[in-house]
Structure formats: structure tokens, C-alpha cells
There are 2 protein chains.
Amino acid sequence: MNDSYLNFVNSPFGARLARSLGLPKPEVLHRYRADQPEFGGMVALGAGREPHLLDALANLVASIGVTSVAHESAGLWVPLANRRGLMTGRFEAADGGPHGRLAALLFDASGIEDSSQLEPLHGFFHDTLRSLGKCGRIVVLGRPPESCANPRQWTAQRALEGLTRSLGKEARRGITSNLVYVERGAESGIEATLRFFLSPRSAYVSGQVVRIGTVNTANNPSLPASASAFDWTQPLAGRRAVVTGAARGIGAAIASALAAEGAHVIGIDIPSARDALDATLRQLNGTALAFDIAAPEAPAQIAAALDEQGVDIVVHNAGITKDKTIAKMTDAAWQHVIDINLSAQERIDDALLAAGILRDGGRIVAVSSISGIAGNLGQTNYATSKAGVIGRVQSMAPHLRARGITINAVAPGFIETQMTAKIPLAIREAGRRMNSMSQGGQPVDVAQTIAWLAHPGSAGVSGQIVRVCGQSLIGA
Amino acid sequence: MNDSYLNFVNSPFGARLARSLGLPKPEVLHRYRADQPEFGGMVALGAGREPHLLDALANLVASIGVTSVAHESAGLWVPLANRRGLMTGRFEAADGGPHGRLAALLFDASGIEDSSQLEPLHGFFHDTLRSLGKCGRIVVLGRPPESCANPRQWTAQRALEGLTRSLGKEARRGITSNLVYVERGAESGIEATLRFFLSPRSAYVSGQVVRIGTVNTANNPSLPASASAFDWTQPLAGRRAVVTGAARGIGAAIASALAAEGAHVIGIDIPSARDALDATLRQLNGTALAFDIAAPEAPAQIAAALDEQGVDIVVHNAGITKDKTIAKMTDAAWQHVIDINLSAQERIDDALLAAGILRDGGRIVAVSSISGIAGNLGQTNYATSKAGVIGRVQSMAPHLRARGITINAVAPGFIETQMTAKIPLAIREAGRRMNSMSQGGQPVDVAQTIAWLAHPGSAGVSGQIVRVCGQSLIGA
């Protein structure tokens with residue numbers, strides 16, 4: 001729960017000592033606070049040949065109210081911004097000296113069609129990276145490789161992933177670097193995702209690749225006609241959200257984040273956690289439902305509890321670990337973990353979907369784990385269940401598209417919780433430091449990522465796995 | 001080039017010292033030697049409900065001539081094996097004591113259709129893992145998740161990835177663990193891939209997922225009517241293989257491995273490496289071509305040199321690094337790395353494919369890198385180029401299918417070469433130890449992986465990225 005090294009090296013004495021000893025100095029990450037402006041500072045824009053997304057980016061810049069500067073690679077930006085009446089200057093390479101001038105670097109690579117056209121990416125980040133301030137943001141935008149008809153174009157777009165991940169590892173200082181692939185025709189749907197990646201809400205999300213697809217507006221009754229019609233401060237007002245495992249830790253943080261965005265939260269947890277669950281939900285003016293999601297009658301119970309008013313958002317957060325090497329793992333430990341972490345999610349969704357309780361235009365978000373991606377020693381059961389969650393997201397997304405329902409997963413890395421506080425010190429320190437932020441994440445980092453996926457503006461984001469890991473080294 | 005720690009802890013004194021100090025003791029990996037039998041020992045078989053691949057596995061077991069024992073989960077195996085006249089016993093859980101009895105664990109999970117059916121995997125590995133000897137092999141077989149119509153089935157099949165990776169991290173002792181997804185209808189095409197994963201040839205390949213697809217035999221003139229018709233000792237006899245960057249290091253190892261399998265190798269390298277290139281190819285009775293693959297005239301030169309007899313295998317191994325943080329990286333360093341490592345491959349393949357010089361049924365193998373998957377500090381240019389190689393493989397595979405040509409990539413992790421010998425000690429040690437083998441790989445490990453992908457029996461393997469990294473932790 002408490003990273004004392006991070007606190008120490010950011011104290012005046014600790015900082016001096018760390019400097020003289022050459023110790024790593026993790027940045028105190030800027031996190032979202034409702035009482036502070038979410039966006040500010042200057043954004044530098046760069047672009048490759050024939051960028052397709054500058055109009056959409058101009059809408060974004062206008063909407064979040066930041067000042068922009070155009071790098072020489074984005075010559076089209078200044079006249080475009082001027083036509084829109086946006087405050088815009090030119091980025092001068094000579095300005096590149098002191099840290100801190102820029103809050104974000106945005107590069108539109110959508111028009112790049114061949115590996116020989118990648119050079120402007122080098123020019124832009126070469127000139128601007130040193131001017132990006134602490135906890136700055138890097139977002140590269142491209143086209144989904146698999147949607148490119150031409151292999152040369154697919155190749156060049158796929159190459160962006162190596163660049164974006166390398167930038168995240170180089171930049172340090174709490175800077176995140178992410179890649180957003182925008183499908184042709186999905187340009188008007190980028191704002192919720194770009195807001196997330198530019199905001200302090202994504203403090204611990206780096207090295208990720210997200211795809212934004214087109215949306216069938218006919219199936220999205222709750223989708224306003226244009227992005228400008230979203231209420232960006234209370235986007236979930238009037239929506240109902242179920243969160244499993246909501247009594248404490250990451251689940252309580254998720255419930256809290258969704259409630260802060262305006263949702264009515266129905267929190268579920270096991271009967272033995274009833275007091276904590278009641279306390280959490282009372283604070284949020286939500287509803288507490290104490291029962292075991294693994295019980296055979298649970299899907300019907302949840303369906304019955306939600307039936308009258310339905311639900312818009314389902315967050316499958318409940319999960320357990322029972323770690324042992326497989327030779328020592330009992331059959332019960334295997335089955336219990338698979339059942340709670342994976343099969344119960346399947347049973348609950350089937351019940352809610354079959355009865356139409358999860359409404360059209362709804363959102364399902366499941367919690368996976370880096371262990372589900374990379375496997376882990378002593379977690380054959382847990383990793384199998386969390387890899388299955390990835391399969392669930394990938395397999396269900398196309399099925400749910402016709403109803404405008406999205407399904408996605410977050411995969412937390414090392415998050416500071418009561419669970420991780422019990423890990424032996426040496427392993428805990430390795431987990432904390434082996435990522436681009438040199439620190440563990442907070443439950444709120446997972447919660448804010450889920451809030452973005454639950455947002456009405458994220459209708460084009462489905463079937464994706466987003467790691468909340470500070471760009472952990474661990475991945476395979 | 002030389003891992004002195006590995007040598008030391010495997011000496012009698014070093015082993016004693018390491019044991020008393022609790023130091024890690026990396027296993028000396030068994031590697032393929034032409035003068036030693038490739039397969040031996042006993043293979044334990046396990047299976048989930050309604051396994052689809054037991055017939056194909058019986059063919060394999062008969063072909064490689066090993067003894068099998070059936071775990072109780074694979075009750076169908078004994079009568080099947082008996083009908084085939086194979087030596088077969090039953091695995092008894094009570095036998096599970098001492099290490100070393102088993103050479104490989106094979107589990108057929110192809111019939112699993114729901115997460116509630118995963119339990120036999122636990123039962124099998126719980127019972128057998130401790131009986132698997134040093135440098136043993138684990139292979140789990142399933143169906144490609146994305147080919148499953150039912151989301152429940154897709155989910156359960158996808159879950160296998162978390163299990164297989166966790167087993168690799170638990171098993172240690174030089175044991176590899178890999179997952180092979182076999183498309184429906186591709187059952188007869190599994191032998192070359194299973195031979196590779198069961199053999200010492202795959203010593204440094206672990207934690208990987210490989211898909212075997214169906215093959216249009218009409219487009220594969222060189223494909224024999226059945227797997228039993230392959231010459232497993234000289235599978236590349238009569239074939240011609242081009243290898244770029246062949247003068248030394250990994251390239252020379254690739255040339256050597258392909259020649260050992262019977263191929264005539266045409267090695268290419270830059271004029272300044274002509275002496276080393278000539279020496280390497282002379283040893284292999286191959287052909288040396290000294291020119292710069294990045295030169296504008298190179299594709300035409302290569303095409304002209306190969307034209308008369310054509311070519312069956314193209315290995316894009318040539319690559320360079322020019323590491324610097326992006327703020328310090330010159331434009332020339334960026335462009336040169338992208339051009340050699342990525343664009344030159346595109347130009348050469350286009351020339352060979354357009355003129356039909358790469359024959360139908362041919363093989364393209366490109367060398368990517370873990371940096372291309374995970375990004376790397378100081379390697380924005382290199383990681384971008386190597387991520388682009390992944391895009392090239394994924395985009396070209398469907399285009400080449402009609403001609404029976406496969407395209408795949410290997411992504412080496414830490415391989416002991418002259419290049420890695422120059423890395424500072426602390427970083428080199430981290431790279432060496434942060435994998436399930438606790439050691440770096442050898443050039444031959446990359447070469448043998450390429451030889452498998454170049455094999456005529458690998459016709460169903462295309463569009464894949466196979467890491468040769470000892471299951472390195474690094475992945476994102």
C-alpha cells in the first residue's frame with residue numbers, strides 16, 4: 001500500500017542522497033483530481049505525409065482547451081488551427097532545451113504507407129522529446145495494420161509499435177507513451193480515448209496499443225449525435241453499473257470512480273465482506289448486494305436484482321489467488337480459481353445478456369492480469385483463468401457488436417494493494433521497479449482505465465486488452 | 001560469446017559453492033548433435049475431453065520411435081497405441097517421485113470447449129511435472145481460439161496460453177513449454193513442428209504459441225503425399241537457400257544449419273566482410289555473394305544471381321544497430337537502420353516474388369527481435385524496424401498463401417554473440433539471467449528455429465512470430 005522508497009527519494013534530503021548515490025528516482029505521478037484542471041500546458045503536433053486525423057485532433061484540442069504548437073513536420077496544422085480560431089504557434093527546434101515546456105506530444109502517422117516514409121517520426125521526437133515535461137504524454141496515431149490492404153502500408157503502421165514502446169522506455173520522468181490506431185471512418189470517435197491518454201487519469205498506462213473502430217450508431221441508443229454533446233464531467237449520469245468484488249481494494253476504487261462520473265453503482269461481494277461492502281457503497285450512495293458470485297444461483301440472483309431497471313455497465317473485478325506450484329496445487333485450488341475468475345464471469349454475462357438486462361449500448365469490462373499474458377511461477381491456475389478472460393473479451397466482442405455493447409479487459413501489473421503488500425520484500429521491490437515508472441500503480445489507476453472503457457464515448461473500443469502496468473518489462 | 005558463470009556453476013566445485021550460497025544454477029542445455037539420437041526416453045500423454053489429435057500423435061510417436069505412457073486423463077491412448085503396435089504403458093501417479101523418468105509431456109487439449117473442462121490439465125501436470133527430466137519438453141496442443149465459433153470454446157482454448165507460459169516458468173531445469181494450436185484439417189501437418197518442439201533443436205525456445213494451419217497441397221509442388229514421405233535427416237536436399245548477413249555470427253550459424261539439412265546455401269554479406277563470407281560459405285560448399293543489400297541495385301543483383309535456378313528459401317538475417325536515445329540520434333542513423341533492417345527486405349522480396357525466382361512452396365524467414373516486440377531504450381530506430389518486420393510477416397502471409405509460400409519471423413532474445421559480448425557486464429548479466437533458462441541462447445538456437453520454419457513439413461506454419469529467448473521475462 002505504501003511505497004516508502006518513492007516517498008523518501010522525493011523528500012528534499014532523500015532526493016539529494018539519491019542523486020549523490022546514483023539511485024533511481026521514480027517520479028511522483030500526477031493523478032486526476034476533480035478539484036484541479038484536467039488539461040493544461042502546450043501540446044506539440046507532428047505528422048507524417050498526408051495525415052488523416054488533423055481535423056479530429058483540432059476538434060480535440062478545441063474541446064480540451066489547450067494551446068498547440070506545430071512541429072515543422074505538421075505544416076498543415078497552423079492554417080487548420082487558424083481557421084478554427086485555435087491558439088497555435090510553431091515549435092522551434094531551438095526551443096528544445098529546457099524540460100517542461102510541453103505537456104504532450106501528438107503525432108499523426110495515419111498517412112504513412114511505406115517503411116521509407118517513417119523518417120518524420122524521428123524528426124519530431126528527436127526535436128521535441130527533451131521539451132516534454134514531467135508526467136508528459138506521448139500519443140502516436142495510426143491506422144490499424146490489419147485494416148491496411150497493402151502489405152507495405154500494414155508493415156509501416158505496425159512498425160509504430162516498436163517506436164512507441166521504445167519512447168516510453170526512454171522518456172522516463174513519469175511520461176507515458178501510447179499508440180492509438182484509428183480505423184477509417186472512426187475519426188469522430190477518438191475524443192474519449194484521446195482525453196484519457198492525455199489526462200492524469202492514465203498516469204500508470206504506458207506502452208499500450210489501442211484500436212478505435214467504427215460504431216453503428218443505430219445500435220447505440222445512448223450515443224449523442226456528436227462528440228461535443230457528451231457531458232465530459234458526468235459522462236455516466238443516469239447509468240447503472242455493477243461491480244463485482246467491490247468491498248475493498250481495486251473493486252472499491254472502481255466503484256468510486258464510476259460513481260464519481262455519475263453512475264449508480266451496484267456493488268457485489270461475498271457475504272463475509274458484507275460490512276466493508278456496505279460501508280463502501282453507502283459512501284457512494286450505491287447499492288450493496290452480498291452474495292457469492294460462484295454459487296450456482298448467483299447469475300439468476302444478479303439478474304433478478306437488476307431486472308427491473310436493467311444495467312449499463314458490468315465490471316468483472318472479483319478474483320482470487322491460490323498460489324502453489326502445480327505439483328503441490330490441489331484440485332480444489334485449481335478449480336476454485338478457474339471458477340471464480342473465469343467461469344463465473346461467463347455464467348453471469350450469459351444470464352444478463354440472454355434476458356436483455358444488460359442494455360444495448362452497454363459496457364462489459366473484465367479484469368485480467370499480466371500473469372494472464374506472461375504466465376507466472378506458482379500461478380498456473382490464476383494465469384490460466386486470466387488468459388481465459390482475454391479469450392472471453394476477444395471472442396465476445398464481435399458477437400456483441402450488433403447490440404452496441406463493448407467488452408474489454410484491463411490487465412493490471414504491480415498495483416499497491418493489501419494483496420501485494422504481503423509479497424516478500426525482494427520480489428515486491430522487483431515488481432515495483434521493473435517498469436518505466438519505477439513504481440507500482442494505485443488502485444485508482446485501474447479504476448480510471450475502466451472508467452474510460454465504460455465511457456459512452458468509448459463505443460468504438462471493443463475486444464481490447466489494456467495493461468495498467470506502467471509499461472512493466474514483464475510480458476511473456 | 002562465453003557465459004563463464006554457466007560454466008563455473010556446472011563445474012564440480014562451482015556447483016557445490018552455488019548450492020551452499022543459494023545461487024541460481026542454469027542447466028547446460030541439451031542441443032542437437034548430428035552424431036547423437038535426436039529423440040529418446042519416455043513421453044507421457046494426457047488429454048482433455050474428446051481429444052482430436054491422438055491419431056496424429058500416434059503417428060508422431062511411431063515416427064520418432066519413443067516409448068509412451070498414458071496418464072489416466074488419456075484413457076483412449078492405450079488401446080489406440082496398442083492397435084498401432086506401439087510400446088505403451090500407463091503413467092502411475094505413484095511413479096511421480098524422482099526426476100528424470102520422462103523426456104516429454106504431451107497434452108491434447110483440442111476437445112476442450114468450456115472453461116469448466118480445464119481440470120484435466122491440472123491433473124496431468126500435477127501428476128507428471130516432477131517426473132520430467134532435465135531439458136525435458138512440455139507441449140500442449142489445442143485449437144486456434146480465433147477459429148472457434150463458440151465464445152466459450154474460444155475462451156477455454158485461449159486460457160491454455162496462461163497455463164503453458166506458467167509451466168515454463170515453474171519447470172526450470174532447462175525444460176521448455178510451448179503451445180501448438182492445430183487448425184481443424186491440419187492434423188496431418190503437425191509432425192515437423194512437433195519434432196522441433198520435442199527435439200534438442202528447440203533448446204532455447206520456450207513460452208511460445210505456434211499455429212499450424214491447413215495447406216493447399218495443389219500449391220505445394222514439393223510437398224510429399226504424406227508426412228511419412230519426408231526425409232527427416234536431409235529435408236532440404238535439393239533446395240537452394242539465400243541467407244543475408246551470412247559472413248559471421250547468427251547468419252553464419254543459419255547458413256550452416258540449412259547446409260547441414262542438405263540445402264545449397266547462397267550467402268550474402270557486405271563487401272567489407274568478403275573474406276569471412278567466403279570462408280563461411282567455402283566450408284559449406286555454398287556460394288558467396290558480396291554486396292550491400294541496401295544499395296538500390298541490390299534487388300536486381302540478387303535476382304540476377306539467382307535467376308537461372310531460382311531459390312526455395314530466403315532468410316532475411318542482415319541487420320544493424322545504431323543505438324542512441326532519440327534526442328541524440330542523427331537522421332542518418334535512423335534511416336540507415338530502418339533501410340537495412342526493414343525496407344531492404346521489402347525490396348528484395350518484391351523483386352524475387354515478382355520474377356517468380358522464389359519458387360512456389362518456398363519459405364521466407366525474417367529475423368525480428370524482442371526489441372521489436374517490447375521496444376528498447378536507445379533503440380527507437382532498431383525497434384521500429386523490427387516491429388515493422390512483424391508487420392511484414394503478418395501482412396504478407398495471406399498474400400503468399402495461394403503460391404504455397406510461407407513467411408515467418410524469429411525474434412531472438414539475448415543471444416551470445418560478438419555484439420552482445422560488447423554490452424556492459426551488469427546489463428549483459430540481466431539479459432542473460434532474466435529468462436526461464438537463466439542463460440543466453442546460442443546462434444545455433446536461432447538457426448535451428450529457422451531450419452524448422454524452412455522445412456518442407458512446415459507448410460502450415462505461416463504469419464507467425466517465434467521468439468528464441470528462453471522465455472525471457474521481457475515482453476512489453
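Descriptive notes on the structure:
- Note that region A:135-188 presents 23 Å² accessible area per residue, ligands and nucleic acids not counted, probe 1.4 Å.
- For region A:376-396, heavy-atom accessible area (probe 1.4 Å) falls by no less than 40 Å² from the chain alone to the full protein assembly at A:L377, A:T380, A:T384, A:A387, A:Q394, A:S395.
- Using all pairs of distinct alpha-carbon atoms, the Kirkwood hydrodynamic radius of region B:1-55 works out to 15.2 angstrom.
- Inverse mean reciprocal Cα-Cα distance (Kirkwood Rh) of region B:34-212, Å: 16.0
- With the label put 7 angstrom out from Cα along the Cα-to-Cβ vector, A:A62 ends up 7.3 nm from the copy partners, going from closest to farthest.
- Heavy-atom accessible surface of the protein assembly as shown: percent carbon and sulfur, 1.4 Å: 53
- Closest approach to the A/B rotation axis among chain A Cβ atoms, residue and whole-Å value: A:G475, 1
- Remark: spin-label model distance B:Q418-B:S11 equals 2.8 nm, labels positioned 7 Å along the Cα→Cβ axis.
- For region B:320-334, heavy-atom accessible area (probe 1.4 Å) falls by no less than 50 Å² from the chain alone to the full protein assembly at B:I326, B:A327, B:W334.
- Pairs beyond 24 Å (Cα-Cα), from A:K25/A:K386; A:K324/A:K386; A:K169/B:K322; A:K328/B:K134; B:K134/B:K169: A:K25/A:K386
- Here the scattering of region B:304-369 is modelled by Debye summation over its C-alpha atoms, one equal scatterer each and no solvent; at q = 0.18, 0.28, 0.29 Å⁻¹ the log10 of I(q)/I(0) is -0.71, -1.21, -1.26.
- Solvent-accessible surface of region B:224-468, averaged per residue with a 1.4 angstrom probe and all protein chains in place: 34 square angstrom.
- Normalising the average separation of contacting C-alpha pairs (under 8 angstrom, six or more residues apart) by the number of residues puts the relative contact order of region A:59-159 at 27 percent.
- Copies compared at A:R33 - label distances in nm, ascending, label defined 7 Å from Cα in the Cβ direction: 6.7
- Residues whose amide H lies under 5 Å from that of A:E416, counting only those 5 or more places away or on a different chain, are A:G441, A:Q442; hydrogens are built 1.01 Å from N in the peptide plane.
- Helix A:274-283 axis versus longest C-alpha principal axis of chain A: approximately 40°, rounded to the nearest ten.
- Helix B:249-260 and the long axis of chain B differ in direction by around 70°, with both axes built from C-alpha atoms.
- Kirkwood-based shape ratio for chain A, expressed as Rg/Rh from alpha carbons: 0.97
- Estimated from helices alone, the mean residue ellipticity of chain B at 222 nm is -11000 deg cm²/dmol (sum of -39500 (n - 2.57) over DSSP H runs with n ≥ 4, per residue).
- Summed buried accessible surface, chains B and A, 1.4 Å probe, nearest 100 Å²: 5600
- Of the trypsin sites (Lys or Arg not before Pro) found in region B:18-57, those that fall in a DSSP loop while having at most 14 other beta-carbon atoms within 10 Å are B:R33, B:R49.
- Inter-copy separations for A:S20, label at 7 Å along Cα-Cβ, nm, ascending: 3.9
- Low-density loop positions, trypsin sites (Lys or Arg not before Pro), region B:136-238 - DSSP coil, at most 13 other Cβ in 10 Å: B:R184
- Bridge orientation summary for the protein assembly as shown: considering DSSP beta bridges with both residues in this region, about 5 percent are antiparallel.
- Size of the protein assembly as shown from its Cα atoms: along the principal axes, largest to smallest, the extents are 73, 66, 59 Å.
- Each part gets one Cα centre, and for region A:410-476 versus region B:276-345 those centres are 41 Å apart.
- Whole-angstrom gap from region B:35-65 to region A:121-157, using each part's C-alpha centre: 46
- Length-normalised contact order for chain B - Cα pairs under 8 Å, 6+ apart - percent: 15
- Convex hull of Cα atoms in region A:224-468, direction-averaged projection (nm²): 13.4
- For region B:115-160, heavy-atom accessible area (probe 1.4 Å) falls by no less than 20 Å² from the chain alone to the full protein assembly at B:S115, B:L118, B:E119, B:H122, B:H126, B:R130, B:P151, B:R152, B:W154, B:T155, B:R158, B:A159.
- Cα-based helix-to-principal-axis angle, A:12-21 vs chain A, degrees rounded to 10: 70
- Projected-area average for region B:10-113 over all orientations - Cα convex hull basis, square nanometres: 9.4
- Modelled FRET efficiency - R0 41 Å, A:T321 with A:A218, Cβ distances, 0.05 increments: 0.45
- Computed over neighbours whose Cβ is under 10 Å from that of A:A290, the net charge equals -3, Lys and Arg +1, Asp and Glu -1.
- Relative contact order of region B:161-303, pairs being alpha-carbon contacts under 8 Å that are 6 or more residues apart, as %: 16
- Where GluC sites (Glu not before Pro) fall in DSSP loop in region B:52-132, at most 13 other Cβ within 10 Å: B:E92
The values are calculated or read from the model by the stated rules, or taken from the named source; none is laboratory data. What you see is a predicted model; the values in this text were computed from it and never measured. Cβ sites come from the backbone with ideal geometry, for glycine too, and all protein chains shown count toward neighbours. Surface areas here come from the heavy atoms of the whole protein model, side chains and all, with no ligands, DNA or RNA. Shrake-Rupley method; radii C 1.70, N 1.55, O 1.52, S 1.80 Å.
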